[in-house]
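Trainee: Once you've had a glance at the structure underneath, I'll fire off some questions.
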Amino acid sequence: MYYPFSWWKILGRLAVYFVLAIVVGVYLDNLAVCIAVAVTLLLLQHYWHLFRLNRWLWHSKKMTPPKTAGIWEHVYEGIYYLQRRNRNKRKELGALVKRFREGAEALPDAAVVVDANACIAWCNRLARIELGLRWPEDAGRRVDNLIRHPQFIEFFHQGNFDYPIEVTSPTNIDKILEYRVMPYGEKHLLLVARDVTRVTQLEEMRKDFVANVSHELRTPLTVLNGYLEMFNADPQAYPPAFMQKAFGEMTSQTRRMQSLIEQLLILSRIEASAERVYEKIVDVPQVLAAIQSEAAALNQDKGHEIEFTVDPQLRVFGIETELRSAFSNLIFNAIHYTPAKGKIQVGWRLRNKAAEFYVQDNGEGIAEKHLARLTERFYRVDKARSRKTGGSGLGLAIVKHVLTHHNSRLEIDSEVGKGSCFSFHFSTELTVVNSHASHQS
Ligand code: ADP
């Protein structure tokens, strides 16, 4: 326990000690020897305490100081008090650092603390994953020696951190990271890297989309414009056969534009749709019957053998207009992309308690490399042929969106020269068999 230190008390005790030594010296008639012995004993006592202090400070595991009295008790208590104060401060500091690190670990971004010499002082777990840093091996190493992208190095060295930069990830070339640097404290820097791959892709897709729509609309408009200019210059100069051909061409180009705009509207309606898929039951057999007669009309030129195998009891929860669009796109594609007199099988059946739809054709099939991109907007395997069939390149993009809305996924199984099978299934929760038909709205 702390008590006030008093020099008077210490000096008083010393005085009493020496008076006693003098009294004993006078009594024994050997004052000098007695005083020398008293001084030696005093010295030995202090050395003993120094020895104990040293042992306590360096060798003892005990926090509490050894028991003693007098000035040495005061010294021990003083050191003990300082130690306790330091320990509490260290604890507080440790808790603060722990909280900071936990916070930085919880960040959804990679974070690296860099000191005044550009050396790594600390990094979080995401920095190890996204930037490929190793911890603690990379502690103290220069960050620009570890993240070697030239654009990053230039950004880091020029020192203007007002704007972030976007660079490919050092661990995955398909990923784009946005680096931000924030100076703080004494010339320290906080480097934060965020995965912006999706945002970049969306931006690219938006640009591509606008470019594609403009391109798709420009081609038919150029054809129409060309004819109109010709007729405008000299309306009488063309024979009836030419006029018929020209009008036929203009009509087909106008239809193409109309269908493109319709498809675009369907696509944006589906994207913006807030309709819930599990509120209404769709009578799929009825929808397919309607599409079957449309398909028969479309099939007149090609004369395919089209076979519909439909389970009449099988229905699903969903959005009728969207599903109609998905079914018809797949069926009409099979008609368009199968050479004349082909065989097309359309199926609607129950499989493992889930409703499944498929369209199988024996057309030319699709090469493996196209499959992953087939549902992208405006993606076509063969642009020229697809245009000839009146295709806008949006059909499968619509199917994909409809299926995503219905928690499903398009599966494409295709072999060049043999044919293709486009299929998807609904979850068991959305599948309705027979007895639930009365719920139909
Ligand atoms: P489009 O409107 O041009 O038909 P889609 O998005 O419907 O566009 O289809 C994309 C491409 O996929 C088509 O251009 C075509 O090359 C290919 N494709 C679609 N269905 C089939 C099929 N049944 N057989 C072969 N190729 C197909």
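Trainee: Can you work out the FRET efficiency for the pair Arg87 and Glu137, with r the C-beta to C-beta distance and R0 = 41 Å, to the nearest 0.05?
Mentor: It comes to 0.85.
Trainee: I've got another one for you. Working out 0.36 nm times the residue gap between Val210 and Cys119, then minus their Cα-Cα distance, what length gain in nm do you get to one decimal?
Mentor: Going from the current span to full extension adds 28.2 nm.
Trainee: Right, something else. Gaussian network model of the chain, Cα springs within a sub-10 Å range: biggest mean-square fluctuation belongs to which of Glu186, Glu305, Glu73?
Mentor: Per the Cα network of the chain with a 10 Å cutoff, Glu73 tops the list.
Trainee: Residue separation times 0.36 nm, minus the C-alpha to C-alpha distance between Leu228 and Ser252: what's the value? Kindly include the intermediate steps, with their values, before the conclusion.
Mentor: Working: separation 24, 0.36 × 24 = 8.64 nm, distance 1.48 nm.
Between Leu228 and Ser252, full extension yields 7.2 nm more.
Trainee: Can you tell me the order of 267-278, 166-177 when each peptide is scored by its average per-residue count of other Cβ atoms within 10 angstrom, highest first? Present the calculation step by step, with values, prior to reporting the outcome.
Mentor: On the way: 267-278: 13.4, 166-177: 15.7.
Result, highest mean first: 166-177, 267-278.
Trainee: Which entries in Lys89/Lys187; Lys280/Lys353; Lys9/Lys67 show an alpha-carbon gap greater than 21 Å?
Mentor: Lys89/Lys187
Trainee: Still on this structure, please answer the following. Could you report the chain's accessible area per residue, 1.4 Å probe, as an integer in Å²? Walk me through the numbers on the way to the answer.
Mentor: Numbers: 27620 Å² over 441 residues.
The answer is 63 Å² per residue.
Trainee: Quickly work out the Trp48-to-Ser268 label distance, labels modelled 7 Å from Cα along the C-beta direction, and quote it in nm with one decimal.
Mentor: Modelled inter-label distance: 9.8 nm.
Trainee: Can I ask one more? At 7 Å along Cα-to-Cβ for each site, give me the label-to-label distance between Gln292 and Phe308 in nm.
Mentor: Computed distance between label sites Gln292 and Phe308 equals 0.4 nm.
Trainee: Efficiency by 1/(1 + (r/R0)^6): what FRET value for Glu368 and Asp174, r their Cβ-Cβ distance, R0 = 25 Å, to the nearest 0.05?
Mentor: Computed FRET efficiency for Glu368 and Asp174: 0.80.
Trainee: In whole Hz, with x marking every Gly and Pro, tabulate ³J(HN,Hα) for the range 213-221 from phi via Karplus 6.51 cos²θ - 1.76 cosθ + 1.60, θ = phi - 60°.
Mentor: Each residue's phi maps through the Karplus curve to give 4, 4, 5, 4, 7, 5, 4, x, 5 Hz.
Trainee: So, counting K/R as plus one and D/E as minus one, what does the shell of residues with Cβ under 13 Å around Ala296 add up to? Write out the running numbers ahead of the final one.
Mentor: Details: positive: Lys302; negative: Glu294, Asp301, Glu305, Glu307.
Net local charge, Ala296 excluded: -3.
Trainee: Would you mind calculating the gained length between Glu77 and Val24 on full extension (0.36 nm times residue separation, minus the Cα-Cα distance), in nm to one decimal? Mind dumping the intermediate values first?
Mentor: Numbers: separation 53, 0.36 × 53 = 19.08 nm, distance 3.41 nm.
Result: 15.7 nm gained on full extension.
Trainee: Can you send over the carbon and sulfur percentage of the accessible area for the chain, probe radius 1.4 Å, protein chains only?
Mentor: The value for the chain is 57 percent carbon and sulfur by accessible area.
Trainee: What value, in deg cm²/dmol to 500, does the helix sum -39500 (n - 2.57) over DSSP H runs of n ≥ 4 give at 222 nm once divided by the residues of the chain?
Mentor: Numbers: 13 runs with 229 residues, N = 441.
Taking each H run of at least 4 residues, the total per residue is -17500 deg cm²/dmol.
The values are calculated or read from the model by the stated rules, or taken from the named source; none is laboratory data. Since we're looking at a predicted model, the values are computed, not measured. Ideal geometry is used to build each Cβ from the backbone, glycine not excepted, and the neighbour counts take in all protein chains shown. Ligands, DNA and RNA are stripped out before the accessible areas are found, and what is left, the full protein with its side chains, is counted by its heavy atoms. Shrake-Rupley method; radii C 1.70, N 1.55, O 1.52, S 1.80 Å.
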